[in-house]
Amino acid sequence: MTHAADDIAVAGFVTATEQEAREGYFTIGGDAMLVVKPESGLHRWLSLHSGQRVRVVLEPDSDQP
């Protein structure tokens, strides 16, 4: 996990058992778990990339006042 200024990045392999994936639970590396709405676009993307290395970056919305 790395961070700089106002953002943070988590990198690792996307993993989930079949049941976890159906329910929307995905682990990224050893530091993060994403819970996503089943059948959403993000759910489909994570399911398709299970077993692959990804990087997730969180940052404040620059459009916020």
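Odds and ends about this structure:
- Of the GluC sites (Glu not before Pro) found in the range 11-43, those in coil by DSSP whose Cβ has at most 13 other Cβ atoms within 10 Å are 39.
- Environment charge at residue 28 (Cβ cut-off 11 Å; Lys +1, Arg +1, Asp -1, Glu -1): +1
- The relative contact order of the chain comes to 38 percent, based on Cα pairs under 8 Å that sit 6 or more residues apart.
Bear in mind that the values in this text are calculations on the coordinates, not laboratory data. All values derive from a computational prediction rather than experimental measurement. Because the Cβ atoms are built from the backbone with ideal geometry, glycine has one as well, and the counts that use them run over all protein chains shown.
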